[in-house]
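The values are calculated or read from the model by the stated rules, or taken from the named source; none is laboratory data. Predicted, not measured: the structure shown is a model, and the values here were computed from it. Backbone-built Cβ (ideal geometry, glycine too); neighbour counts: all protein chains shown. The accessibility values were calculated without ligands, DNA or RNA, using every heavy atom of the protein model including side chains. Shrake-Rupley method; radii C 1.70, N 1.55, O 1.52, S 1.80 Å.
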Amino acid sequence: MRSYIYLLLIFICVSCGEDYKPKPKAFLRLDYLEAKYVETKLNLPFTFETNVMVESVSTKKMEATTESYGINIDYPALKGTIFLTYKAIEGNRKNLEDFLRDAQKFTLEHTKKADEIPRFPYENKNQKVYGMLSVVKGNVASPAQFYVTDSVNHFLTGSMYFNAKPNYDSILPASHYLQKDMRRIMETIRWK
């Protein structure tokens, strides 16, 4: 029995001859194409610009109390989609209040899993576009949402989703890339 203990001690001493050196920190390098934008040619009550990286933009008229559309902007290379929902306000203040409440409630539903939700107001008085971009930090299903409106006729919401389990660190580069595209959509909205 003692011989096994001696062998074990010799083995341990011999195997620990070199100093352990940890590997240097490394980061996954993800290079995305520089964003180039083109105006959409869709039969909608507004126009906006999309990234040329987008492979498809699909629209669908939705059943609702006011004129409504669903728009999906697909990024297969990033395994992500920006979902837009348009609703006509029709000059009705109650519609505007309801749509604003729903958009803000959608963002607040993420507070359970979010680490932080910074909000960035947006205003373009010349084009009559007013809204808010919310960036949801943490392991959440939708890392960014926005809404824009002219406060009288048009209301548009947008949210970003990925076809992957929510892991904040893993999707962060793609999320930042799509957030820039969301900002571009907000900035290039032109109501008809």
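For the stretch 39-59, enumerate the residues that are among the charged types (D, E, K, R) and more than 23 Å from His176 (Cα to Cα).
Answer for the stretch 39-59, where residues must be among the charged types (D, E, K, R) and more than 23 Å from His176 (Cα to Cα): just Lys41.
State which residue is farthest from the chain's Cα centre (by Cα) when the search covers only the stretch 139-172 and only residues that are open to solvent by less than 30 Å² (accessible area, probe 1.4 Å) and polar (S, T, N, Q).
Among them, the one singled out is Thr149.
Scanning the stretch 64-73 for residues that are at pLDDT 95 or above and surrounded by fewer than 18 Cβ atoms within 10 Å (Cβ to Cβ), which turns out nearest to the chain's Cα centre (by Cα)?
Once the filter is applied, the top-ranked residue is Asn72.
Looking for whichever is within 21 Å of Asp115 (Cβ to Cβ), touching a Lys or Arg at 6+ places or on another chain (Cβ under 7 Å) and small (Gly, Ala, Ser) here; the options are Ala144, Ala164. Which one fits?
Sole residue among the options that is within 21 Å of Asp115 (Cβ to Cβ), touching a Lys or Arg at 6+ places or on another chain (Cβ under 7 Å) and small (Gly, Ala, Ser): Ala164.
Counting just the residues of the stretch 38-63 that are open to solvent by 70 Å² or more (accessible area, probe 1.4 Å) and either in a helix (DSSP H, G or I) or touching a helix residue (DSSP H, G or I) at 6+ places or on another chain (Cβ under 8 Å) (or both), which one comes out farthest from Ser142 (Cα to Cα)?
Here the residue is Glu39.
Can you name the residue in the stretch 84-126 that is β-branched (Val, Ile, Thr) and closer than 20 Å to Tyr161 by Cβ and, of all such residues, is surrounded by the fewest Cβ atoms within 10 Å (Cβ to Cβ)?
Only one residue fits best here, namely Thr111.
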